[in-house]
Amino acid sequence: MKRTTFRSSLACLMLCGAATAFADGSRMPPHPDKTWLEECGTCHVAYPPALLTADTWRRLMAGLDRHFGSNAALDAPTAARITTFLERNASTRGERNAAASLRITDTRWFTRKHDELSPTVWHDPKVKSPANCAACHRNAESGRYDEHDIALPNVRR
Amino acid sequence: MNRTMCLSLALAGTLVALPLHAASPQDLIADYATEAARTQQGFVASAERGKAFFLRNWNVADKMPNCAACHTERPAAQGTHVITAKSIRPLAPSANPDRFADAAKAEKWFRRNCTEVVGRECSAAEKADLVRFLVVAGGAS
């Protein structure tokens, strides 16, 4: 990967001052739904609803029985509750629309944010998959994806 | 219906509803064993059968041939989801007191994981054996 670029971006962020650079804070909605956290945060990190558009979430929730190769079907009332929560907190930005694959990692936004990384990083044993946000974003569990929360594991490049 | 009666009924409802979910691993073993005994007379949960079930290769799901694929062969250890790499808290109740403390939750995960890994729902006998194994393997009985 372009280590130097990454380092200089980090240095720039630090020089620019924490207040402006890290204003993002948590990507979690202010009142995370407990059912959503439990049902969508056990097998993988509970991906913040704002990472996809409402349309993408609706399509994803309509196919939970074929959820990226797993059957994650929920009973109808639970699925409806979670869908409402996701729609309410979804992004309205087109670049967070995941098109056919429904994967956050296939949105233009994700690609743009991770374009300095070498593709080999994703398959490193310590990372395993781009779905494993917490491999580098140490505070992904609590919705914090800021630059200063990133720690690239000692991966093969 | 007067207000007091309504309140009493609501309270009674809560008291009755609680035991449906709150459970201990021993309660679950007993309930599954009772269910299993309906078709297998004299059924007694066996940690040995539970262990064999836990380690058996079902080879239904590519990346999850057996329970240990995610949960490791040591139930008191932390596991890792084989696809997402998210850490999984230990299955043994001795290492993780939240395990098998809620019957509905246990049922939900049996349904999901059995369908995915075993390729069908698990029987009451298999569940009784498995929970027994997880309790014994964790060092508490």
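Please treat every number below as a calculation from the coordinates, not as lab data. Here the structure is a predicted model, which means the values were calculated and not measured.
Of the listed pairs B:LYS51/B:LYS105; A:LYS34/B:LYS63; A:LYS128/B:LYS51, which have alpha-carbon separations greater than 25 Å here? Please list the in-between numbers first.
Working: B:LYS51/B:LYS105 21 Å; A:LYS34/B:LYS63 29 Å; A:LYS128/B:LYS51 28 Å.
Pairs exceeding the cut-off: A:LYS34/B:LYS63; A:LYS128/B:LYS51.
Our summary of shape: the Cα atoms of segment A:116-157 have principal axis extents of 26, 16, 15 Å, ordered from largest down, in whole angstrom. In segment A:60-157, the alpha-carbon atoms span a convex hull of 126 Å³ per residue.
Residues whose amide H comes within less than 5 Å of that of A:HIS67, counting only those at least five positions distant or on another chain, are A:ALA72 (H built at 1.01 Å from N in the peptide plane). Translational D (Stokes-Einstein, µm²/s) of segment B:23-137 at 10 °C and 1.306 mPa s when Rh comes from the Kirkwood sum over C-alpha pairs? The estimated diffusion coefficient comes to 112 µm²/s.
Just need the relative contact order of segment B:23-137 here, percent rounded to a whole number, with Cα pairs under 8 Å and 6+ apart.
Numbers: 191 pairs, mean separation 44.9, N = 115.
Across segment B:23-137, relative contact order equals 39 percent.
Summarising the amide proton neighbourhood of A:ARG144: residues at separation of 5 or more, or on other chains, whose placed amide H is nearer than 5 Å comprise A:ARG27. Under 5 Å between amide hydrogens, built in the peptide plane, is the criterion, and for B:ILE88 it picks out B:GLY79, B:THR80, B:HIS81 among residues at least 5 positions away or on other chains.
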